[in-house]
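The values are calculated or read from the model by the stated rules, or taken from the named source; none is laboratory data. Treat the numbers as computed from the prediction; the structure is a model and nothing was measured. Neighbour counts run over all protein chains shown; Cβ positions are idealised from the backbone, glycine included.
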Amino acid sequence: MYDKLYIFDTTLRDGEQVPGCQLNTLEKIEVAKALDDLGVDIIEVGFPVSSPGDFNSIVEISKNITRPTLCALTRAVEKDIDVAADALHFAKNKRIHTGIGTSWYHITHKFGSNQEEILQRAVACVKYTKKYVEEVEFYAEDAGRTENEYLAKVVEAVIAVGATVVNVPDTTGYCTPAEYGAKIAFLMENVKNIHKAIISTHCHNDLGMATANTLSGILNGARQVEVTVNGIGERAGNTALEEVVMAVKCRKDIPVHTGIDTQKIYRTSRLVSTLMRMPVQPNKAIVGRNAFAHSSGIHQDGVLKNRESYEIIDPADVGINESSIVLTARSGRHALNHHLERIGYKLNPQELDEVYQKFLQLADRKKDISDDDLRVIAGTEQNERQRRVKLAYLQVVCGKSSIPMATVQLRIDGETCTATASGSGPVDASFNAIRQLIHRKVTLEEYLVQVITRGSDDMGKVHVQVENRGNIYYGFAANTDVVTASAEAFIDAISKIV
Ligand code: KIV
Ligand code: ZN
């Protein structure tokens, strides 16, 4: 019987530390939902003391995600731990990840301290955290360059005061697989109370060995791995979730199993890449564009005769076929329903009818409809049905040398009203016209437009955040016309106020 390997995803913490990859709260919730769907066991949602934005995101994710354990990072500092406990207040399953540097570099240069004092601080921070949560994970930062005897002493001491998971980070990505595996084996053999905690790997990819080190850690007894989607992370990144999960799935000689729904790997990879604006290199293992593309004649011939001649993974196992083009304007209601059910939407006949109309409108403007498009149509349709305020009509005038103007017609609880306004551009003019109709002071705090796949006929996804009387409301919409999507997203947020 294979052991369970816990998947601890740190895309939203270590992954998000990459300059330029920061996400807003809405995007973090979207990633957290995708990770939940993918089946990860623990989501590290941030470092709450680092900024009010991070703190707020953790609060919001905690309200939205209930199955996986949500984990917040701290230093070995009481204030950090207090703030983390506060940020996780609404989380159903929670964990605090606290720790301190244990290598000579950290002890001497970062803290100007000594091994005994650091050991005391490690014990004190775990004891303090235990006041707030049952699950306490301790990290020995730069464990990769920490002497094994001292590391074992620290690990034994923190387990004795209640650490339930001990993380052994190769913070600088310096270890080789043999060395990292030997470190985990040393802890398994020399820490008397090791059976009371789970050992976790946390490897960085500076020498391109993060996945190899992680697998070596598993083979020597680690039962939790800390990973990010697409291996995103500072410098050369962290261990890639998809690489470890698929290695464990393919290789029967690695005696563990995970709870990951591998068919959702590809779509999660795409989502993270788009939201973090971090393209995936074409030859990236598992999720790169070329990961399953055979170009040489010999390979193509071999794969056609028997896929396993040249492929160790069926692309469908990571959801690659699923994400390819599925429908066109000629597809009927039955085909649409089939594909909606396949991606998790069960609609009644009336709902299917409404989504089908939207599908036809989109198929008129866009040649091929993908799963991502279907998710947006079905999702926004469900959203719109519940709204009290609906966009009935929108016309904008804009372009070089003209004053942007918008005429908007809304239906509010069945009543129709119309307004025209100008603005700095067509979106601003539309928002001004909508403001006139709802008679409320609404401040736009955030406005974000993204395309789902590629091409100028693509769907634009719009997220907005508005403020009214000190409260924040979020709105979302998607359309091939980004001005319409923007107006719909603004109305989506406003409907929650009205
Ligand atoms: O790489 C590292 O050491 C870390 C710790 C803070 C867990 O990310
Ligand atoms: Zn790290």
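Has segment 73-85 got any residue that is within 16 Å of ligand 1 (Cβ to nearest atom), more than 14 Å from the chain's Cα centre (by Cα) and closer than 20 Å to residue 276 by Cβ?
Yes; the residues of segment 73-85 include at least one that is within 16 Å of ligand 1 (Cβ to nearest atom), more than 14 Å from the chain's Cα centre (by Cα) and closer than 20 Å to residue 276 by Cβ.
Is it the case that some residue within segment 47-55 is within 15 Å of residue 137 (Cα to Cα), outside any loop (DSSP other than H, G, I, E, B) and within 15 Å of ligand 1 (Cβ to nearest atom)? Quick ask: steps written out before the conclusion?
Quick first cut of segment 47-55, residues within 15 Å of residue 137 (Cα to Cα) only: 47.
Add one more test, that the residue is outside any loop (DSSP other than H, G, I, E, B), and what stays is none.
No, the conditions are met nowhere in segment 47-55.
Return a yes/no flag: does segment 438-455 have any residue that is under 25 Å from residue 60 (Cα atoms) and among the hydroxyl-bearing types (Ser, Thr, Tyr).
The answer is yes, given that some residue of segment 438-455 is under 25 Å from residue 60 (Cα atoms) and among the hydroxyl-bearing types (Ser, Thr, Tyr).
Residue 175 is checked against (1) touching a strand residue (DSSP E or B) at 6+ places or on another chain (Cβ under 7 Å); (2) buried (at least 24 other Cβ atoms within 10 Å of the Cβ) and fails just one. What number does that condition carry?
(1)
Of the residues that sit in segment 336-370 and are of a type in the set (Val, Ile, Thr) and not in a loop (DSSP other than H, G, I, E, B), which one is surrounded by the fewest Cβ atoms within 10 Å (Cβ to Cβ)?
Within segment 336-370, the first condition is being of a type in the set (Val, Ile, Thr), and the residues that meet it are 343, 355, 369.
In the following step, the residues that additionally are not in a loop (DSSP other than H, G, I, E, B) were identified as 355, 369.
Numbers: 355: 23, 369: 21.
Applying the filter and picking the extreme gives 369.
In segment 9-25, which residue that is outside any loop (DSSP other than H, G, I, E, B) and within 13 Å of residue 231 (Cα to Cα) is nearest to ligand 1 (Cβ to nearest atom)?
Our first condition is that a residue be outside any loop (DSSP other than H, G, I, E, B); within segment 9-25, this holds for 9, 15-17, 25.
Adding the requirement that they be within 13 Å of residue 231 (Cα to Cα) leaves 9, 15-17.
Numbers: 9: 13, 15: 10, 16: 12, 17: 8 Å.
Residue satisfying both the conditions and the ranking: 17.
What are the residue pairs meeting all of these: first residue in segment 12-24, first residue more than 10 Å from residue 237 (Cα to Cα) and among the basic types (Lys, Arg), second residue at pLDDT 90 or above and more than 12 Å from ligand 2 (Cβ to nearest atom), Cβ atoms under 6 Å, and 6 or more apart or on different chains?
Hits for this filter: 13/46.
I want to confirm something. Restricting to segment 86-126 and keeping residues that are in a helix (DSSP H, G or I), among the charged types (D, E, K, R) and within 16 Å of ligand 1 (Cβ to nearest atom), which single residue is surrounded by the most Cβ atoms within 10 Å (Cβ to Cβ)? Quick ask: steps written out before the conclusion?
The initial filter retains those residues of segment 86-126 that are in a helix (DSSP H, G or I), namely 86-87, 104-110, 115-126.
With among the charged types (D, E, K, R) added as a condition, the list becomes 86, 110, 116-117, 121.
Filter once more, so that each one left must be within 16 Å of ligand 1 (Cβ to nearest atom): 110, 121.
Working: 110: 13, 121: 17.
Filtering first and then ranking leaves 121.
Name the single residue, out of those in segment 435-473 being in a loop (DSSP other than H, G, I, E, B) and polar (S, T, N, Q), that is surrounded by the fewest Cβ atoms within 10 Å (Cβ to Cβ).
Going residue by residue through segment 435-473, those that are in a loop (DSSP other than H, G, I, E, B) are 439-442, 452-459, 469-470.
Pick out the ones that are also polar (S, T, N, Q) and you get 453, 456.
Working: 453: 16, 456: 6.
By that ranking, first place goes to 456.
Within segment 65-80, restricting attention to residues that are touching a strand residue (DSSP E or B) at 6+ places or on another chain (Cβ under 6 Å) and β-branched (Val, Ile, Thr), which residue is farthest from residue 92 (Cα to Cα)?
74
Kindly evaluate residue 74 against the criterion of being under 25 Å from residue 110 (Cα atoms) and modelled with pLDDT of 95 or more. Give the derivation first.
Details: under 25 Å from residue 110 (Cα atoms): yes; modelled with pLDDT of 95 or more: yes.
When the stated conditions are applied, residue 74 passes them.
(1) at pLDDT below 85; (2) in contact with a strand residue (DSSP E or B) (Cβ under 8 Å, 6 or more places away or on another chain): which one isn't true of residue 412, the others all being true?
Unmet for residue 412, out of (1) at pLDDT below 85; (2) in contact with a strand residue (DSSP E or B) (Cβ under 8 Å, 6 or more places away or on another chain): (1).
In segment 153-189, what residues are aromatic (Phe, Trp, Tyr), within 16 Å of ligand 2 (Cβ to nearest atom) and out of contact with any Lys or Arg (no Cβ under 9 Å at 6 or more places or on another chain)? Before the answer, list the steps.
Kept after step one, since they are aromatic (Phe, Trp, Tyr), are these residues of segment 153-189: 174, 180, 186.
Within this subset, residues satisfying the condition of being within 16 Å of ligand 2 (Cβ to nearest atom) are 174, 180.
Residue satisfying the conditions is 180 alone.
Would you check if there is a residue in segment 319-335 being at negative phi, surrounded by 16 or more Cβ atoms within 10 Å (Cβ to Cβ) and at pLDDT 85 or above?
Going residue by residue through segment 319-335, those that are at negative phi are 320-335.
Right, trim to surrounded by 16 or more Cβ atoms within 10 Å (Cβ to Cβ) and you get 320, 322-323, 326-327, 331.
Still in the running and at pLDDT 85 or above: none.
No, every residue in segment 319-335 fails to be at negative phi, surrounded by 16 or more Cβ atoms within 10 Å (Cβ to Cβ) and at pLDDT 85 or above.
Say whether the condition of being within 16 Å of ligand 2 (Cβ to nearest atom) and on the phi > 0 side of the Ramachandran plot is met by at least one residue in segment 132-152. Step through it out loud before you land on a result.
Within segment 132-152, the first condition is being within 16 Å of ligand 2 (Cβ to nearest atom), and the residues that meet it are 137-146.
In the following step, the residues that additionally are on the phi > 0 side of the Ramachandran plot were identified as 142.
Yes, the conditions are met somewhere in segment 132-152.
Take the conditions among the acidic types (Asp, Glu) and more than 16 Å from ligand 1 (Cβ to nearest atom) and apply them to residue 234. Does it pass?
Details: among the acidic types (Asp, Glu): yes; more than 16 Å from ligand 1 (Cβ to nearest atom): no.
In short, no.
Of (1) outside any helix (DSSP H, G or I); (2) of a type in the set (S, T, N, Q); (3) in contact with a Gly (Cβ under 8 Å, 6 or more places away or on another chain), residue 263 satisfies all except one. Which?
Every listed condition holds for residue 263 apart from (1).
State which residue pairs qualify: first residue under 12 Å from residue 103 (Cβ atoms) and in the same structural domain as residue 181 (by TED's automatic domain parsing) and inside segment 144-158, second residue of a type in the set (Asp, Glu) and crowded, with 18+ Cβ neighbours inside 10 Å in any location, beta carbons under 9 Å apart, and separation of 6 or more residues or different chains.
144/170; 145/170
Every residue in segment 88-123 that is among the aliphatic types (A, V, I, L, M) and closer than 24 Å to residue 224 by Cα, please. Reasoning before the result, please.
Of segment 88-123, the ones among the aliphatic types (A, V, I, L, M) are 88, 91, 96, 100, 107, 118-119, 122-123.
Scanning segment 88-123 gives 88, 91, 96, 100, 119, 122, 123.
For segment 232-249, which residues satisfy the criterion of being touching an Asp or Glu at 6+ places or on another chain (Cβ under 9 Å) and more than 16 Å from ligand 2 (Cβ to nearest atom)?
Of everything in segment 232-249, those that are touching an Asp or Glu at 6+ places or on another chain (Cβ under 9 Å) and more than 16 Å from ligand 2 (Cβ to nearest atom) turn out to be 246, 249.
Tell me, yes or no, whether segment 36-47 has at least one residue that is charged (D, E, K, R), over 25 Å from residue 132 (Cα atoms) and under 16 Å from the mean Cα position of the chain (by Cα).
Narrowing segment 36-47 to residues charged (D, E, K, R): 36-37, 41, 44.
Next cut, over 25 Å from residue 132 (Cα atoms) only: 37.
Add one more test, that the residue is under 16 Å from the mean Cα position of the chain (by Cα), and what stays is 37.
Scanning segment 36-47 turns up at least one residue that is charged (D, E, K, R), over 25 Å from residue 132 (Cα atoms) and under 16 Å from the mean Cα position of the chain (by Cα).
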